[in-house]
Amino acid sequence: MYQKGVQSWIKHLDFIIIDVFCLNIALPIAFMIQAQAFINPYVYSEYHRFAFILNAIVIVVALLSRAYKNILRRNRSQELLAVIKLCMLVFLSSVTFFSLIQDSFSMESRNTLLATMPFFIALSFCMRLINKKVIQIRNRKSLGHAMLVVTTSNIADKVIQTLMDNEYGHYTIAGLIIVDKNLVGKRFKGIPVVADVNNAADYVCREWVDEVFIDVHRNAKYPLKLISEFETMGLAIHERLAKTPRFSEKKQLVEKIGGYTVLTTTLNYAAPWQLFIKRTFDIIGGIIGCIGMGLLLIVVGPLIKIKSPGPIFFSQERVGKNGKRFKLYKFRTMDVDAEERKQELMAQNRVKDGMMFKIEYDERIIGCRKLPNGKIKKGLGGWLRRLSVDEVPQFLNVLKGDMSLVGTRPPTVDEWEKYELHHRARLAIKPGITGMWQVSGRSKITDFEQVVKLDTKYIREWRILLDVKILLKTVVTVFKREGSM
C-alpha cells in the first residue's frame, strides 16, 4: 500500500513550531528596540495579549495560505520569498484584525509589529534551512523509504543526479538496476548496481525495497516483464510519464518524484489523513496495550519463571514492511532451546512447503505434553497462546512503528527466504498484531496461498472501517476462546 506523504503532517508541525518560536524571539527584540531599553516585555499585560493574538494569526495565516506546501523541495531563494510572503500576510492580517475589533492598536504597537518583521524573516529563514538539513540527514541515516532505480547505463549518472538534486526526504536510493548491461558491482554517482534485468526480481524479493523508479533511454527496450514482476510483489512503481507505454489494472496516480513527473502504480493508495488516523489508532492502542502488558507481567512473569527457568520475554528477528527486518517481542511460551529444536519438528508441519510453521503437538511449549490416553495437555504456554496473551508485548513494536494494530503476519527470516514473487505482496504494508486471516479461522488455515490471498485482499480493500471491523472481530474471537476453556 502506497503511503507517500505520511510524514508530511509531522514535518509541517515542525515548521509551524519553528515559525512560532522565531516570532517569540523577534517580537521581544523589536519591543526593546522601540522602548530603547533592555527590559522584559512580559511584565506588561498588554504585551501578553498582543503576543498571544499575533501567535494565533501566524498559525492561522500559515495554514490557510499553505505556507509549507512543498517546503522540502524549495531552494534557498524560493524559501526566502516564501518567508517574506508569510510575513507580509501576517502584518496585513494583524492590522486588519485589530482594526475590525476596534482595538487600541496604537502607532507604537504598529511600529513594534513592523520592526518585528525583519527579525522574524531572518530567524525563520535560517531555522527553516537548518531544519530541512536535519530532516535530510535523519532520513539518510534511517534509510527513509528504500528506493531502487531502474535505468540504462548511458543515462544512469543523469538520473541519479536529478533524483539527488530534488530529493527531499521521502526516500533513499538503495541501489541501481541496469537493464541494458550486466554492471553488477559498478557504481554510478556512488550508488551501487545491485542487479541486472535477469536477476532483478529475485534480488528485490529478498531485500528491503519500498519503491522502484523507472527511467530508461528512449532507444532501450522497455522492461515490461520486470515491471509486471514488481507489480506482483506489491511494490510502489514510479515510471517516468514521458516514457511509460503501458497502463495497469492496479491503482495509478500521477505525481512528482525527484524532479520527474511519474505514473505511480500501487496495490492501494492511502491518503495522508487516512494514514494519520491509522497511526493515531496505533499509538493509542500501543499505549493501552503496554499498560496492559505491565499489569500482565505481574502475574505472567513469575508463572513463566516457575514453569520454565529463563527470560520472561522472547525476541525474534522478523521481516516487516517491504523486507525491512525488526525484532518482534512476545512473552516466552516455549523452552529456551525451542529455536534450536525447530528443525526436528519440521516433518510435522501442517503448512506445506514450510511457508509457515504450525503443528498439532509442540513439545517445546511450556507445560505441553501428551497424556497416556493420547490427549494433549496444553499447559501454561498453551494457555497463554490460546488467549493470545503471549502477543501482548507486540504493542511495543506498534509504538516503535515496526508494526500496526492491524496488518499481516510478519514472517520469520527462514520463511521469507522461501517466498515466491507473489508472496511478497502481503508485506506491502506494516505487519500487524491481528489481521484478516487471523479472524478468518487461523487455526484451520493450513494453505499458505489462502493466507496470501486474504492478506492481499486486505491490502487492496483497506479502509479505516475495515481495521475497526477486524479489531472488533479479534476481541470477539479472544473472548470465545476464553469461554471455551
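The values are calculated or read from the model by the stated rules, or taken from the named source; none is laboratory data. Everything quoted here is computed from the prediction, not taken from an experiment. Backbone-built Cβ (ideal geometry, glycine too); neighbour counts: all protein chains shown. Just the protein is used for accessible areas: all its heavy atoms, side chains included, with ligands, DNA and RNA removed. Shrake-Rupley method; radii C 1.70, N 1.55, O 1.52, S 1.80 Å.
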What helices does the chain have that are whole DSSP H segments, at least 24 Å long along their own axis by Cα, and with mean Kyte-Doolittle hydropathy of -0.5 or more? 8-35, 45-64, 76-100, 107-141, 272-307, 464-483
Solvent accessible area, Å² - SER440, 1.4 Å probe, full protein context: 60
Between ASN199 and VAL299, what length in nm is gained on full extension when 0.36 nm per residue of separation is reduced by their alpha carbon distance? 30.8 nm
With a 1.4 Å probe and all protein chains left in place, how much of the accessible area of the stretch 195-335 comes from carbon and sulfur atoms, in whole percent? 62
Please find the FRET efficiency linking LYS225 to VAL95, where r is the Cβ-Cβ separation and R0 is fixed at 60 Å, and quote it to the nearest 0.05. 0.40
Separation in nanometres of the label points that stand 7 Å from Cα toward Cβ, at LYS469 and ASP447: 2.2
By how many nm would the segment from THR261 to SER440 grow when fully extended, if each residue of separation counts as 0.36 nm and the alpha-carbon distance is taken off? 60.3 nm
Among 426-435, 51-60, how do they line up by average Cβ neighbours within 10 Å per residue, starting with the highest? 426-435, 51-60
Over 20 Å (Cα to Cα) among LYS133/LYS278; LYS342/LYS418; LYS307/LYS378; LYS327/LYS453 -> LYS133/LYS278; LYS327/LYS453
How much accessible area per residue does the chain have, counting only protein heavy atoms and a probe of 1.4 Å, in square angstrom? 50
Charge tally in the Cβ shell below 10 Å around ALA195, where Lys, Arg are +1 and Asp, Glu are -1, ALA195 excluded: -3
Over the Cα atoms of the chain, each weighted equally, I'd like the Debye log10 I(q)/I(0) at q = 0.07, 0.11 Å⁻¹, rounded to two decimals. -0.52, -1.00
Give me the distance in nm between label points sitting 7 Å out from Cα along the Cα-to-Cβ direction at ASN154 and ILE306, one decimal. 7.7
Fully extended, how many nm does the chain gain between LYS189 and LEU399 (0.36 nm per residue separation, minus their Cα-Cα distance)? 71.9 nm
I'd like to compare 452-458, 392-398: which one has the highest average count of other Cβ atoms within 10 Å, and what's the full order after that? 392-398, 452-458
So if we plug the beta-carbon distance of MET32 and ILE291 into 1/(1 + (r/R0)^6) with R0 = 51 Å, what FRET efficiency do we get, rounded to 0.05? 0.60
Divide by every residue of the chain the summed helix terms, -39500 (n - 2.57) for each DSSP H run of at least 4, and state the resulting mean residue ellipticity at 222 nm, rounded to the nearest 500 deg cm²/dmol. -15500 deg cm²/dmol
